[in-house]
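Asks: Below is one structure. I have some questions about it.
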2 protein chains.
Amino acid sequence: MIVAVTPNPAIDVTYRVGTHTPGDTNRVLEVRRRPGGKGVNVARVLAALDVPVKAVLPLGGDAGRWLGSALDVPFDAVPISGENRTTVTVTGDGHPTVYTEPGPEVSEAEWTAFGRCLAACLSDAGFLAVSGSLPRGASPDLVAEWVRIARKAGVRTLVDASGPALLAAARAGAVVKPNRAELLDATSTADEASGAGTLLRLGAELAVVSRGADGIAAYTPGGVFTVPAIPGVHGNPTGAGDAATAGLAAALAAGRPLIEALRTAAALGAAAVLRPVAGEVDLPAYRRFLNGAPA
Amino acid sequence: MIVAVTPNPAIDVTYRVGTHTPGDTNRVLEVRRRPGGKGVNVARVLAALDVPVKAVLPLGGDAGRWLGSALDVPFDAVPISGENRTTVTVTGDGHPTVYTEPGPEVSEAEWTAFGRCLAACLSDAGFLAVSGSLPRGASPDLVAEWVRIARKAGVRTLVDASGPALLAAARAGAVVKPNRAELLDATSTADEASGAGTLLRLGAELAVVSRGADGIAAYTPGGVFTVPAIPGVHGNPTGAGDAATAGLAAALAAGRPLIEALRTAAALGAAAVLRPVAGEVDLPAYRRFLNGAPA
C-alpha cells in the first residue's frame, strides 16, 4: 500500500464563464466541485491504476465534512478545528484564472495527532508520497518529521514540495520531486544540475526534476537518468505532475528500476494531460505511451 | 414586522488579493464569508434600525446549513433539495471582479411550501419586501403569487427585481423599485418617465427608481416625487440599493408620507456606501444625512 499525504487539501471549484471580464460581474454558467490538493490527485491516480492506496489528510469545518463525503479513495482524516480551503479556477475564453485560499491554521497538537495517524498507517505501507504545500504557519520541518516517521517504519518517502519544505525533505533523505522552476527557486541556483546537486548534497536519496515538454531527469549520486516527454500531447496540464508522482511512487514501491519508474511517470503525466480534470488519467493512452506510441 | 424575502440567497465570499492577475494563479490574502442576497441585506439593515423583521428564504445543502448558522436576523427557512449558491468577489488593485453562481433549481413542490411559509409569516406582518433574482428555472409569476398572498393577508409588497419578474410584480400591483438600468431594460424604453409609466399602467402601486448619484424618483399616478442623493458620499456602492429598499419598506410600513420614505431611502443608501460590507449601514451618518447634513 502507498500512503499519500496531502498537508493542505482543498475543495477545487471550477467556474465556467462565457467571456471572462475582470473588474465586472461574471455570470457562472457551470460549477464543478471536487476534492483537490496534490496528494489527493496522487491518490486518485494510484486508485485508477489499482494500486492499493490510502490518503492521509487534515479535515475540518464544513469544507472538511464535504471533502470527507466526496473523496472516492480510502483515507484517514485527522480532525482539525480550522476549515479546509477552497480553490476557485475560472475557465472561459482565455487562460484559466486561479484563486487559492491560504488554508486553515493547524495547531501543534493537531500536527502531533497527524504524525501519530501517519505512523499507524505506515505500519503496513510500502511507500509514502507527500505532495503539495503546507498550510500557512506550518513549519517545513513537519515534512522532515514525516520522512523520519516513514524511515522508522522501513518505508521510503517521495516529497513533491517547494521552497523550504523541499530543502527539509532533502535533508531528511527523501526522494524529492520538484519541477525545474521550484528546484531553481528553492536552491537559489541558475541551472538544473547545480540545483539537483545541492539537493543531493543536503541528503536527498534522489532528485527527480520534471521539465514539462523536456521530459523528466533523475539525479542520483551515480549520475543522471533522463526520459523524454511523450510527444504531441495537448490538453490540461493541471495534475500532470501529480500523475507523474503517482507513477514514480508506484514503480519505486514495486522495486522497479529507476529508468522504468521515470518512463511510467512520463507516460502517466502525459495521460493526465489528456483528461480535463486533475487527478484523472486516460488509462488506454497511458498503456500506449508506455509502449512507445506518441499521442 | 416586515417580512424580507430572498428568493436566491447566497454565501457571499470576498477574496482579497494583492495584485489581481487574470489568466494566472492569484494567492488569496484574506477570505471573508457572509450570508448574502439582496433580501438578506434588506433584513440586516432593518434589524440594525431596530425594525422587527423576519427573513424568509429557501435553504439547502451544505451552503444552506452554513447560511442558517451564520444568519444574524430572525428567519424562516424553507428546506430545498438543491444547494444554495456562492458568489465570489475578488478585491485587489483594481475594480472588484464578481463571479455569481446560478443557484439551485427549486422544485414546484418546494415553491408551494415556500408560499405556505410566507402566508403563515404574513399573518402578523405589516409589510413584505421581495429582493433579488429568482433561482434559474423559476417562473417570474412566483413574484406575482407572493404579492397576491400578501394582499390576501392585507399586507403591501415592495419588489426589487429586474426583467420579467419586475413586470410580473407591477401587474400584481406591488410597489416596484428598479434602478434606472433595470427599468429601461425591463420595459424596453429609452427614458425613465416612459418606463415608469409602463409599470404604472401594468398595475404597479408605485414605481420607485433609484438613480445612483441622481437620487431617487417615485412615480405615482398623481405625479413624480424626487429626492436628491446625499452629496459627497464615496465608498462601497454594493448593498446601497438594499439599504434604500429597507428604508422605503420601514417608512411605508410605518405609514409615513412618500417623500419622507424617499428621504429615508436616500439617507440609508448613502449610509450603506460608507460601510465596506453590503447589509451594513453607518447609523450615525444615516441620522446626520436625515437631518440634511452632507457626507
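The values are calculated or read from the model by the stated rules, or taken from the named source; none is laboratory data. Treat the numbers as computed from the prediction; the structure is a model and nothing was measured. Methodologically, a virtual Cβ is constructed for each residue, glycine included, from the backbone with ideal geometry; neighbour enumeration extends over all protein chains shown.
Asks: Looking at region A:142-169 only, could you name the residues that are assigned to a helix (DSSP H, G or I) and of a type in the set (A, V, I, L, M, F, W, C)?
Replies: Of region A:142-169, the ones assigned to a helix (DSSP H, G or I) are A:142-152, A:163-169.
Those that are assigned to a helix (DSSP H, G or I) and of a type in the set (A, V, I, L, M, F, W, C): A:142, A:143, A:144, A:146, A:147, A:149, A:150, A:165, A:166, A:167, A:168, A:169.
Asks: Something else: Filter region A:69-90 down to the residues that are in contact with a strand residue (DSSP E or B) (Cβ under 6 Å, 6 or more places away or on another chain) and more than 30 Å from residue B:98 (Cβ to Cβ) and list them by number.
Replies: Selection gives A:71, A:73, A:74, A:75, A:76, A:77, A:78, A:80.
Asks: Consider residue B:244 carefully, then state whether it is out of contact with any Lys or Arg (no Cβ under 6 Å at 6 or more places or on another chain) and surrounded by fewer than 23 Cβ atoms within 10 Å (Cβ to Cβ). Break it down into steps so the answer makes sense when it comes.
Replies: On the way: out of contact with any Lys or Arg (no Cβ under 6 Å at 6 or more places or on another chain): yes; surrounded by fewer than 23 Cβ atoms within 10 Å (Cβ to Cβ): no.
So residue B:244 fails the test.
Asks: Something else about it: Tell me, please, whether a residue that is hydroxyl-bearing (Ser, Thr, Tyr) and in a loop (DSSP other than H, G, I, E, B) can be found in region A:210-224. Quick ask: steps written out before the conclusion?
Replies: Of region A:210-224, the ones hydroxyl-bearing (Ser, Thr, Tyr) are A:210, A:219-220.
If we keep only those that are in a loop (DSSP other than H, G, I, E, B) as well, we get none.
So far as region A:210-224 goes, no, none of its residues is hydroxyl-bearing (Ser, Thr, Tyr) and in a loop (DSSP other than H, G, I, E, B).
Asks: I'd like the full set of residues that are more than 13 Å from residue A:234 (Cα to Cα) and in a helix (DSSP H, G or I), limited to region A:270-293.
Replies: Result: A:283, A:284, A:286, A:287, A:288, A:289, A:290.
Asks: Is it the case that residue A:88 is crowded, with 22+ Cβ neighbours inside 10 Å, within 8 Å of another protein chain (Cβ to nearest Cβ) and modelled with pLDDT of 95 or more? Can you show your working first?
Replies: Values: crowded, with 22+ Cβ neighbours inside 10 Å: yes; within 8 Å of another protein chain (Cβ to nearest Cβ): yes; modelled with pLDDT of 95 or more: yes.
Yes: the conditions hold for residue A:88.
Asks: Here are A:204, A:249, A:265: which of them is aliphatic (A, V, I, L, M) and touching a Ser or Thr at 6+ places or on another chain (Cβ under 8 Å)? So that I can check it myself, show each step before the final result.
Replies: Working: A:204 fails: touching a Ser or Thr at 6+ places or on another chain (Cβ under 8 Å); A:249 fails: touching a Ser or Thr at 6+ places or on another chain (Cβ under 8 Å).
After applying the criteria, what remains is A:265.
Asks: Right, next: Of everything in region A:135-189 that's hydroxyl-bearing (Ser, Thr, Tyr) and over 21 Å from residue B:28 (Cβ atoms), which residue is nearest to the chain's Cα centre (by Cα)? First the steps, then the outcome.
Replies: Here is the first cut: in region A:135-189, the residues hydroxyl-bearing (Ser, Thr, Tyr) are A:139, A:157, A:162, A:187-189.
Next, from what is left, pick out any that are over 21 Å from residue B:28 (Cβ atoms): A:139, A:157, A:187-189.
Details: A:139: 19, A:157: 13, A:187: 20, A:188: 22, A:189: 23 Å.
Ranking the qualifying residues of region A:135-189, first place goes to A:157.
Asks: Could you pull out the residue among B:105, B:101, B:30, B:83 that is within 17 Å of residue B:136 (Cβ to Cβ), within 14 Å of another protein chain (Cβ to nearest Cβ) and surrounded by fewer than 17 Cβ atoms within 10 Å (Cβ to Cβ)?
Replies: Values: B:101 fails: surrounded by fewer than 17 Cβ atoms within 10 Å (Cβ to Cβ); B:30 fails: within 17 Å of residue B:136 (Cβ to Cβ); B:83 fails: surrounded by fewer than 17 Cβ atoms within 10 Å (Cβ to Cβ).
Of B:105, B:101, B:30, B:83, the one residue that is within 17 Å of residue B:136 (Cβ to Cβ), within 14 Å of another protein chain (Cβ to nearest Cβ) and surrounded by fewer than 17 Cβ atoms within 10 Å (Cβ to Cβ) is B:105.
Asks: Mind counting the residues in region A:90-134 that are polar (S, T, N, Q) and within 18 Å of the chain's Cα centre (by Cα)? Full working, then the answer.
Replies: Let us first name the residues in region A:90-134 that are polar (S, T, N, Q), namely A:91, A:97, A:100, A:107, A:112, A:123, A:131, A:133.
Filter once more, keeping what is within 18 Å of the chain's Cα centre (by Cα): A:100, A:131, A:133.
Number satisfying all stated conditions: 3.
Asks: When region A:43-62 is examined, which residues are found to be within 14 Å of chain B (Cβ to nearest Cβ) and farther than 23 Å from residue A:143 by Cβ?
Replies: Matches in region A:43-62: A:61, A:62.
Asks: Out of the residues in region A:1-27 that are within 12 Å of chain B (Cβ to nearest Cβ) and within 25 Å of the chain's Cα centre (by Cα), state the one that is farthest from residue A:166 (Cα to Cα).
Replies: Here the residue is A:16.
Asks: Taking the conditions exactly as written (crowded, with 20+ Cβ neighbours inside 10 Å, more than 14 Å from every other protein chain (Cβ to nearest Cβ) and closer than 30 Å to residue A:273 by Cα), does residue A:40 satisfy them or not?
Replies: Working: crowded, with 20+ Cβ neighbours inside 10 Å: yes; more than 14 Å from every other protein chain (Cβ to nearest Cβ): yes; closer than 30 Å to residue A:273 by Cα: yes.
So residue A:40 fits the description; yes.
Asks: Can you tell which of A:205, A:260 is acidic (Asp, Glu), under 25 Å from residue A:169 (Cα atoms) and buried (at least 17 other Cβ atoms within 10 Å of the Cβ)?
Replies: Working: A:260 fails: buried (at least 17 other Cβ atoms within 10 Å of the Cβ).
Answer to the check: A:205.
Asks: Within region B:170-179, does at least one residue satisfy the condition of being free of Cβ contacts under 8 Å to residues at least 24 places away in the same chain and crowded, with 17+ Cβ neighbours inside 10 Å?
Replies: So far as region B:170-179 goes, no, none of its residues is free of Cβ contacts under 8 Å to residues at least 24 places away in the same chain and crowded, with 17+ Cβ neighbours inside 10 Å.
Asks: Something else: Which numbered condition in (1) away from chain B (no Cβ under 11 Å); (2) surrounded by fewer than 18 Cβ atoms within 10 Å (Cβ to Cβ); (3) farther than 24 Å from residue A:247 by Cβ is the only one that residue A:65 fails?
Replies: Condition (1) is where residue A:65 drops out.
Asks: For residue A:30, work out the one condition from (1) free of Cβ contacts under 8 Å to residues at least 40 places away in the same chain; (2) among the acidic types (Asp, Glu); (3) under 25 Å from residue B:19 (Cβ atoms) it doesn't fulfil.
Replies: (3)
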